[in-house]
Amino acid sequence: MLDLFTIFTKGGIVLWCFRGTNQFFAPPVNALIRSVILQERSGSYDHDGLSLQFKLDNEFELVFVVAFQKILQLSYIDKFLSDVHLEFRDKYKNDLRVENRNYSNYDFQQEFNRLLEQAEKWGRLQATLPKQMRSFEESHKSKKTVSSMIERKGEQKSTSSGGKKSVKIVENKSKEGQEVPSIGMNGNDDIILENRKKMMEKLTKKSKGDKPKSPKSPSQKSGKQMRVWDLGGNVKDLPNLDRCKDKPEDIKSDFTPSNEMIGTMKGGIQDLEVESDSDYSEDDDEEEMIAQSMSRQSAPFVKKSGGMLSLFRGLVGSKNLTRGDMQSALDKLRDHLIAKNVAADISQKLCESVAVKLEGKVLGTFDTITSTVKNTLTEALVQILSPKRRVDILRDCLEAKKSKRPYVMSFCGVNGVGKSTNLAKICFWLIENNLNVLIAACDTFRAGAVEQLRTHMRHLNALHPAEKHAGREMVQLYEKGYGKDAAGIAMEAIRYAKESTIDVVLIDTAGRMQDNEPLMRALAKLIKVNEPDLVLFVGEALVGNEAVDQLVKFNQALADYSANENPHIIDGIVLTKFDTIDDKVGAAISMTYITGQPIVFVGTGQTYTDLKKLNAKAVVHALMK
């Protein structure tokens, strides 16, 4: 039933391989390495009808990969992977430790066939066994008692021979003569009784010393005062409120450009730097490192016996990490990521990938479990945020200009995330680099959407007047009003830009929720018909779990509602409102992890120059603090 099983090193050298029906195993394995292993992901991976699972051996730097048809439900795969892993290690552990080893001496066919036969028998046996429910005595709930759920601050937990806390209940009489039940444990009854007496005395004194509150007199009661506006609302003040009086419809804007907004975005965009003021400090981390080191690594300095030999033995890194050793640190890091706005599912998957990567790894001489787990997670986060492909929009625009066609960018996203505003920021950056832009007003649903883009166009042309560009108008708006087909307007705008030799077309689309099927079909139609060079998803940095749902459903809708064999899905992300989140930057991790696409732009303010490039190391530093 298996199509492929291969064992290779992390350097890419194949040690042993089994080929079933699939003779060409390189493409699916290479896709697994690119999309899962190198991206610090875990779990199974699907490629061309095959389902691939893998297991890492971090001690010997090995990767075990199994592939089978996706339609098959093989329940024994996890067990089979673990059995082959242990068998191969035990058989060749001496050869694997040799530095200049011969990679052609691994004959594993007989052991593989034996383990596969055993695993298939085990799987058939599990399928025939009926699933039985646990009895109440076998459940964890049956082992809980009232005494086991009582927690007291400052007391050490003591267990009796049966594993349950021994609790003694006594009765005490307070000063008022009432009987107060008190609970004591292992000789601490007197202390608890004394504390309760002190508490009763304080309560009694407080009740005797309290004075009744005097009711408010009617004279002190104040009613609600009327608000006084600058313009009192008289009819004679209404003309002063008219800002459009005596202004023709087509008059140019009297917008005065500010010196702070001009000439600061030529060429590349500056990196985004993030500062963190979180309470998660290095001192806390050092304390946790010391505690983990003392309890888990059995340091030689806390041993009572063993002599000088045990001292030097402890200084050599010889501890293999297990999942149980890392669980405490992983749980704390997962909660920390969730607190920093990383989606809960993504946090769990990240910690799982770190556990897979570190399981079986030998710790260094003075390394601790917490520091090792944290450093590995930090490296994984930096790798996730780093772009996997070249992102150079200016170069792509110039290449399209040489081909005598416009470079087309389409913006999509949910309602209210700032698509039009950030489109104007990107437009300002493009005209700063001497590229003229046509904005296609394809949001034909929201009231005021076209007027908003028209206002941006006037302001941008005021910042870059045609006189400074040889009479060429740098920003134009293509509009057809409201209620029209967005895909048709975008097609006409691209045709107009090609005839007018305009360099870049920016398509503004209407905001839509990811669950609205008719609107998602319309978006997929717009992208399919016009085939833009870049599809940008605009998302807020404020969202956590919602970012995952938005991106997954947008990508799925673009793939499902397109009739193309290779549908055009999201190419990049624009992260807005980044200046409102302090150090809770987890949405950047969630969005990049889901799509694997880079964050192209980051919006950090309300002016045209508030556009940055994501600095992966700075974001991860703020996230891990």
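The values are calculated or read from the model by the stated rules, or taken from the named source; none is laboratory data. All values reported here derive from a predicted model rather than from experimental measurement. Neighbour counts are summed over all protein chains in view; Cβ atoms, including those assigned to glycine, are modelled from backbone coordinates with ideal geometry. Side chains included, ligands, DNA and RNA excluded: accessible areas come from the protein's heavy atoms. Shrake-Rupley method; radii C 1.70, N 1.55, O 1.52, S 1.80 Å.
Probe 1.4 Å, all protein chains in place: accessible area of Lys617 in Å², nearest 10?
The accessible area comes out at roughly 150 Å².
With a 1.4 Å probe and all protein chains in place, put Arg472, Arg395 in order of accessible area, largest first.
Ranking Arg472, Arg395 by accessible area, largest first, yields Arg395, Arg472.
Ignoring ligands, DNA and RNA, what accessible area per residue does region 348-413 give at 1.4 Å, in Å²?
45
Send over a whole-number figure in Å² for the accessible area per residue of region 497-578, probe 1.4 Å. Working shown, then result.
Working: 3310 Å² over 82 residues.
Per-residue value: 40 Å².
Between Ala339 and Ser82, what is 0.36 nm times their sequence separation minus the Cα-Cα distance? Round to one decimal in nm.
The span from Ala339 to Ser82 would gain 89.1 nm if fully extended.
Order the following by accessible area, largest value first: Val548, Val475. Probe radius 1.4 Å; ligands, DNA and RNA are ignored.
Sorted by accessible area, descending: Val548, Val475.
Skipping prolines and chain starts, which residues have an amide H placed within reach, meaning under 5 Å, of the one on Leu477, given they are 5 or more residues away or on another chain?
Sorted by chain and number, the residues that satisfy this are Ile439.
Asp48 to Gln556: FRET efficiency via 1/(1 + (r/R0)^6), r the Cβ-Cβ distance, R0 22 Å, to the nearest 0.05?
Taking R0 as 22 Å, the efficiency between Asp48 and Gln556 is 0.70.
Could you work out how much longer the chain between Glu451 and Cys17 gets when fully extended? Use 0.36 nm per residue separation minus the Cα distance between them, nm to one decimal.
Contour length minus Cα-Cα distance gives 149.9 nm.
Which cross-chain or sequence-distant (5 or more) residues have an amide H under 5 Å from the amide H of Leu272, H modelled 1.01 Å from N in plane?
Lys613, Leu614, Asn615
So, in nm, how far is label Lys202 from label Arg97 when the simple model puts each one 7 Å beyond its Cα toward the Cβ?
6.2
Round to a whole number: what % of the accessible area of region 57-123 belongs to carbon and sulfur, probe 1.4 Å?
The computed percentage sits at 43.
What percent do you get for the relative contact order of region 37-96 when only Cα pairs under 8 Å and 6+ apart count?
Over region 37-96, the number comes to 25 percent.
With a 1.4 Å probe and all protein chains left in place, how much accessible area per residue does region 19-89 have, in Å²?
Heavy-atom SASA per residue in region 19-89 reads 47 Å².
How much length, in nm to one decimal, is gained on full extension between Tyr482 and Ala462, taken as 0.36 nm per residue of separation minus their Cα-Cα distance?
Length gained, Tyr482 through Ala462: 4.6 nm.
How large is ³J(HN,Hα), in whole Hz, for each residue of region 124-129 in order, when computed from phi with the Karplus curve 6.51 cos²θ - 1.76 cosθ + 1.60 and θ = phi - 60°, using x for Gly and Pro?
Working through the residues one at a time gives 5, 5, 5, 6, 7, 6 Hz.
Calculate one ³J(HN,Hα) per residue across region 110-116 by plugging θ = phi - 60° into the Karplus curve 6.51 cos²θ - 1.76 cosθ + 1.60, and present them in order as whole Hz with x for glycine and proline.
Per-residue couplings from phi come out as 5, 4, 5, 4, 5, 5, 5 Hz.
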